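Read through the structure below, which is laid out as structure tokens, and then see the notes.
Derivation of every value follows stated rules applied to the coordinates shown; laboratory data play no part. Note that this is a predicted model, so its numbers are computed, not measured. Heads up, the Cβs are rebuilt from the backbone with ideal geometry, glycines too, and the neighbour counts pull from every protein chain shown.
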Ligand code: NDP
């Protein structure tokens, strides 16, 4: 048990958490940063990042995260490995308990626990992740110029990603497990009107096929007839939803119906004074590293002002 009461604890080490650590460290608040189950966040499993400002040659996700961590360390951030399994935000200082029973107390808390793309859960998906399988068109679409791509899902994200990918791909096939699309009418209409997009319904991916180095196709299963067919393609984009990592705060922090943490307008304040949220756990609209960096900075500034008002 660490009985000292910290000024600031940051949960999560994606771009939002690291930026909050850099800013609060530089403000001399000696932040304690709890790594979480995937240190570095989603960018640790991405390939090249070409749209992060300041890196005209592009930078690999793990390298960018490593640089952010070094920068936070330079300004006095202290890192703790482990995952928080319990939070008590009912009184100040807030109490966080890690899986091994360690307890930490803090006057302010920044939640930067991120979100995870949902995956199909088949083995071949893991094998070809980063070799043709992706869950982010904005991140990886550029690498599929003149390629034949499939997008899986029937919601607005699937439509949006399919439309976005037509900028690069020679053809995009939307694959959906039902006949009706969950997506809004306008988005569905836009995809229908796009000559580069075709749809296959009542189909699920049974297997992602490849030559060991890259994706070469998918095996589809018709959910009504059970028939298996092969569809050749170069890339598979999954757009079957995201899950924000907010379950730990259920009943204490307000979220929307999808579990995204609600923050006040133009701020990172949550419904609990002294608790701030930034990055993908509170943003389902943009979900970009740069926007996470932006809200991470906001959270650190908001926390600093909150602590100032307490003195
Ligand atoms: P949704 O939950 O709306 O859609 C997920 C889609 O993936 C559904 O069609 C679902 O099928 C399908 N799916 C889920 N699991 C599987 C699986 N294991 N195998 C195959 N298919 C699967 O998520 P979205 O990310 O699309 O959207 C989330 C929210 O964000 C929505 O409110 C959406 O409107 C909003 N959004 C808005 C945008 C905009 O306004 N421009 C852009 C993007 C998102 P089924 O339909 O059968 O359940």
How tilted is helix 15-26 with respect to the longest principal axis of the chain? Cα atoms for both, answer in degrees (0 to 90, nearest 10). 20 degrees
Taking R0 as 41 Å, what FRET efficiency do you get between residue 267 and residue 50 from their Cβ-Cβ distance, rounded to the nearest 0.05? 0.85
Rounded D (µm²/s) - region 195-265, Kirkwood Rh over Cα pairs, Stokes-Einstein at 25 °C, 0.890 mPa s: 157 µm²/s
Taking 200, 68, 11 and counting other beta carbon atoms within 10 angstrom, the fewest-first order is 200, 68, 11
Cα long-axis angle, helix 289-310 against the chain (0 to 90 degrees, to the nearest 10): 20 degrees
Looking only at region 23-46, which residues have a backbone nitrogen under 14 Å from a spot 7 Å from the Cα of residue 311 in the C-beta direction? 27-30
Given 0.36 nm per residue, what is the gain on full extension from residue 67 to residue 194 after removing their alpha carbon distance, in nm? 41.6 nm
Calculated diffusion of region 123-238, Stokes-Einstein form, Kirkwood radius summed over Cα pairs, 37 °C and 0.692 mPa s, µm²/s: 236 µm²/s
Most exposed first by the Cβ proxy, i.e. fewest other Cβ within 10 Å, how do 140, 206, 257 rank? 257, 206, 140
When DSSP assigns beta bridges and you keep just the ones with both residues in region 54-164, what percent turn out antiparallel, to the nearest 5? 90 percent
So what is log10(I(q)/I(0)) for the chain at q = 0.10, 0.11, 0.15 1/Å, when the Debye sum runs over its Cα atoms only? -0.61, -0.72, -1.12
Per Stokes-Einstein, at 37 °C and 0.692 mPa s, what whole-number D in µm² s⁻¹ belongs to region 264-306, with the Kirkwood radius over Cα pairs as the hydrodynamic radius? 318 µm²/s
Can you compute the helix-only [θ] at 222 nm over the chain? Use -39500 (n - 2.57) per DSSP H run of at least 4 residues, normalise by all residues, nearest 500 deg cm²/dmol. -7500 deg cm²/dmol
Helix 61-74 sits at what angle to the longest principal axis of the chain, using alpha carbons and giving 0 to 90 degrees rounded to 10? 10 degrees
How large is the Rg to Rh ratio of region 236-276 when both quantities use alpha carbon positions and Rh follows Kirkwood? 1.08
If we count other beta carbons within 10 Å of each Cβ, what is the order of 265, 185, fewest first? 265, 185
In terms of the ratio Rg/(2.2 N^0.38 Å) built on C-alpha atoms, what value belongs to region 1-158? 1.21
Taking every DSSP beta bridge that has both residues in the chain, what percent is antiparallel when rounded to the nearest 5? 45 percent
Simple spin-label estimate for residue 223/residue 206, 7 Å along Cα→Cβ, in nm, reads 1.6 nm
Restricting the count to DSSP beta bridges whose residues both fall in region 123-238, what percent are antiparallel, rounded to a multiple of 5? 45 percent
Suppose the chain between residue 138 and residue 167 were pulled fully straight at 0.36 nm per residue; how much longer would it get relative to their current alpha carbon spacing? 9.3 nm
